[in-house]
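S.K.: So that we are looking at the same thing, I have put the structure below in structure tokens.
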Amino acid sequence: MTPYLKLDHVDKVFTRGKVSSEVLKDINLNLGKGDYVSIIGHSGCGKSTMLNIIAGLTRATIGGVILEGREVNSPGPDRAVVFQNHSLLPWLTVYQNVRLGVDKVFAKTKSRVERDEWTMHNLNLVQMTHAKDKRPSEISGGMKQRVGIARALAMEPKVLLLDEPFGALDALTRAHLQDSVMALHQKLGNTIVMITHDVDEAVLLSDRIVMMTNGPSATIGEVLDVPLERPRKRLELASNAVYLDCRKRVLEFLYERHKFVEAA
Amino acid sequence: MNMQVIKTEPATALAKPPVASVALAPKQVPNTDKYVKAAKDVAARVIPPLIVFALLMVFWELVCRRAGSTLPPPSKVYQDTKELIFDPFFDRGGIDKGLFWHLSASLQRVAFGYSLAAVVGIALGTLVGQSVWAMRGLDPIFQVLRTIPPLAWLPLALAAFRDGQPSAIFVIFITSIWPIIINTAVGIRNIPQDYRNVAAVVQLNPVEFFWKVMLPSAAPYIFTGLRIGIGLSWLAIIAAEMLIGGVGIGFFIWDAWNSSHISEIILSLFYVGIIGFVLDRLIAGLGKLVTHGTSVS
């Protein structure tokens, strides 16, 4: 079976003047349709760079990204990104922020009324219709991230890219949003790639966890399958043997075999 | 529930007359309270400058009242310029017109030159902010040109246009364009990478990107430039008009000096100051309106 999304021998070298540093080396990853894959690693291991390469915001130095059999090397709505710091445009309302993407993606295929309905439908998915006329500065951090998710979902992406989406949120809000994302994944069956540095989050949400070695020249150290049934319940998993075992294996990888070394 | 309704009914019926009077009184008190508070706020802002103004007037009157004083005291200024103050609309042909006409002629020149500078300045600023090569090529030239004093351009403009009106407008344009270009360029350069990423993922084309992301994101910077620009253009017009002549507040002042009407000069300066202030506030207010909500992310 050919994979839905494939990272094929991706290397990334950043060159500034005469100094060049290899950030990623020989990254190979295959995703099936509907997979939820987390990428975890210490900071500076190039996981954000990897996401940017999939998104097309950064180009790979060697190798490439293949989505549904075609190479992608520029950004596009088929790989919508939920950014770490929400990145909503502050001069637009919640509705307009989502509508901006909808208007571009469905300019030819949907009428004005349909685009309006689609925008509201996606705001409804993240329970944000009540704040549709508010500006980003008037809503909380968790709400902003919900709108960011709605904006990405509304583009009907083939792959949804989450760049540490819950990193800037407090623990309670984070748990709440994780449940929301799980429910959405269950309902819509999106293919999702998520960057995270939170072990619990990775185990709870993903089908597979990609563990990165430390940079420079970071690469995929190990891929762990999380054989937990969906839908998953946070509380029940707390004492689940499979869950605890997965969690332990990720922790072992991160803190025993690939301890974070302060960059010299 | 029912019990309560029955219970309260006679109670309210009984207490009606006193309730009405009591209800009326507190209703009015907060209202008047509000007005009193607002009046106090206004007074706190208006009274101190008024007192200082009055003191300055008294000081000026005392200093310039003495025999042999070269400048007239305020009382004499008022007497000399009563006609100009109370009838700003007369028009006896030529340049013998009321102050309204002079001021409106100057404002029209500023409006033309400044609008042109705003459009061209924002466009050039966007180019310089967006393209590294445009910046490298144009920035040194801008940095030199912007130090040329406004009036130094006037002879060249007169030589090129052979007419006072377009020359004055050109001087306004060339004076006010530099802060607009420079501030716009800084604003464009400071657009967060996040917004560019969003635009890239959504695939906005360059025109959409300009209107939907660049302009709103750089708006606070652009309005800083516009505000400096309007102040400079009001400075430049007075000086330019003194040289080109015709109808306009600058030449009116120069003409008053030539005919030794010192009081008219003082009155004109008063108007020039007020209008400069209003123009500045106007652009600042417009900026506040347009950039509402953009600065907070």
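S.K.: Go through the residues of the stretch B:169-190 one by one and say whether even a single one is of a type outside the set (Gly, Ala, Ser) and part of a loop (DSSP other than H, G, I, E, B). Even if it seems obvious, please write down each step before you answer.
M.R.: Step one: of the stretch B:169-190, the residues of a type outside the set (Gly, Ala, Ser) are B:169-175, B:177-184, B:186, B:188-190.
Among the residues that remain, those that are also part of a loop (DSSP other than H, G, I, E, B) are: B:190.
Yes, the conditions are met somewhere in the stretch B:169-190.
S.K.: Within the stretch A:66-88, can one find any residue that is in contact (Cβ under 8 Å) with a residue 24 or more places away in the chain, of a type in the set (Val, Ile, Thr), assigned to a loop (DSSP other than H, G, I, E, B) and over 22 Å from B:Pro216 (Cβ atoms)? So that I can check it myself, show each step before the final result.
M.R.: Here is the first cut: in the stretch A:66-88, the residues in contact (Cβ under 8 Å) with a residue 24 or more places away in the chain are A:66-69, A:77-88.
Subset that is of a type in the set (Val, Ile, Thr): A:66, A:81-82.
Checking which are assigned to a loop (DSSP other than H, G, I, E, B) leaves us with none.
No - not one qualifying residue is present in the stretch A:66-88.
S.K.: OK, next. For the stretch B:180-190, indicate whether the set of residues that are modelled with pLDDT of 95 or more, closer than 17 Å to B:Leu279 by Cβ, away from chain A (no Cβ under 14 Å) and in contact with a Gly (Cβ under 6 Å, 6 or more places away or on another chain) is non-empty.
M.R.: yes
S.K.: Something else now. When B:Tyr221 is evaluated against the numbered criteria (1) more than 20 Å from the chain's Cα centre (by Cα); (2) part of a helix (DSSP H, G or I), which criterion, by number, is the only one it fails?
M.R.: B:Tyr221 satisfies all of (1) more than 20 Å from the chain's Cα centre (by Cα); (2) part of a helix (DSSP H, G or I) except (1).
S.K.: Here's a follow-up. Starting from the stretch B:197-214, keep only residues that are on the phi > 0 side of the Ramachandran plot and free of Cβ contacts under 8 Å to residues at least 60 places away in the same chain, then list their pairs with residues that are in a helix (DSSP H, G or I) and buried (at least 16 other Cβ atoms within 10 Å of the Cβ) whose Cβ atoms are within a distance under 7 Å, requiring at least 6 positions of separation or different chains.
M.R.: Between residues of the stretch B:197-214 that are on the phi > 0 side of the Ramachandran plot and free of Cβ contacts under 8 Å to residues at least 60 places away in the same chain and residues that are in a helix (DSSP H, G or I) and buried (at least 16 other Cβ atoms within 10 Å of the Cβ), the close pairs are B:Gln203/A:Pro77; B:Gln203/A:Lys104.
S.K.: While we're looking at this one, here's another question. Mind telling me which of the residues A:Ile53, A:Ile66 ends up being hydrophobic (A, V, I, L, M, F, W, C) and surrounded by fewer than 22 Cβ atoms within 10 Å (Cβ to Cβ)?
M.R.: On the way: A:Ile53 fails: surrounded by fewer than 22 Cβ atoms within 10 Å (Cβ to Cβ).
Going through A:Ile53, A:Ile66 in turn, just one is hydrophobic (A, V, I, L, M, F, W, C) and surrounded by fewer than 22 Cβ atoms within 10 Å (Cβ to Cβ): A:Ile66.
S.K.: In addition: Filter the stretch B:192-217 down to the residues that are more than 11 Å from chain A (Cβ to nearest Cβ) and either touching a Gly at 6+ places or on another chain (Cβ under 8 Å) or among the aliphatic types (A, V, I, L, M) (or both), then identify the one that is nearest to A:Pro90 (Cα to Cα).
M.R.: B:Met214
S.K.: Of all the residues that make up the stretch A:119-152, how many are closer than 16 Å to A:Met194 by Cβ and either small (Gly, Ala, Ser) or within 13 Å of another protein chain (Cβ to nearest Cβ) (or both)?
M.R.: 2
S.K.: Within the stretch B:49-105, restricting attention to residues that are part of a loop (DSSP other than H, G, I, E, B) and surrounded by 13 or more Cβ atoms within 10 Å (Cβ to Cβ), which residue is modelled with the lowest pLDDT? Working first, answer last.
M.R.: Just the residues of the stretch B:49-105 that are part of a loop (DSSP other than H, G, I, E, B), to begin with: B:66-73, B:87-90, B:92-96, B:98.
Next, from what is left, pick out any that are surrounded by 13 or more Cβ atoms within 10 Å (Cβ to Cβ): B:71-73, B:88, B:90, B:95, B:98.
Numbers: B:Leu71: 89, B:Pro72: 90, B:Pro73: 90, B:Pro88: 86, B:Phe90: 85, B:Ile95: 78, B:Gly98: 87.
Of everything passing the filter in the stretch B:49-105, B:Ile95 is modelled with the lowest pLDDT.
Table: residues versus (1) over 13 Å from the mean Cα position of the chain (by Cα); (2) more than 10 Å from chain B (Cβ to nearest Cβ); (3) modelled with pLDDT under 90.
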{"residue": "A:Gly44", "(1), (2), (3)": "yes, yes, yes"}
{"residue": "A:Leu67", "(1), (2), (3)": "yes, yes, no"}
{"residue": "A:Pro75", "(1), (2), (3)": "yes, no, no"}
{"residue": "A:Tyr95", "(1), (2), (3)": "yes, yes, no"}
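S.K.: Which of the residues spanning the stretch A:209-264 are among the β-branched types (Val, Ile, Thr) and more than 28 Å from A:His9 (Cβ to Cβ)? It would help to see each step written out before you state the result.
M.R.: In the first step, residues of the stretch A:209-264 are kept if they are among the β-branched types (Val, Ile, Thr); the result is A:209-210, A:213, A:219-220, A:223, A:226, A:242, A:250, A:261.
Scanning the stretch A:209-264 gives a single hit, A:Val242.
S.K.: Another question about this same structure. Of the conditions (1) under 23 Å from A:Ser43 (Cα atoms); (2) of a type outside the set (S, T, N, Q); (3) touching a strand residue (DSSP E or B) at 6+ places or on another chain (Cβ under 9 Å), A:Leu204 fails just one. Which one is it?
M.R.: (3)
The values are calculated or read from the model by the stated rules, or taken from the named source; none is laboratory data. Nothing here was measured: the structure is a model prediction, and the numbers come from that model. Don't worry about glycine lacking a Cβ; one is built from the backbone with ideal geometry, like all the others, and counts go over all protein chains shown.
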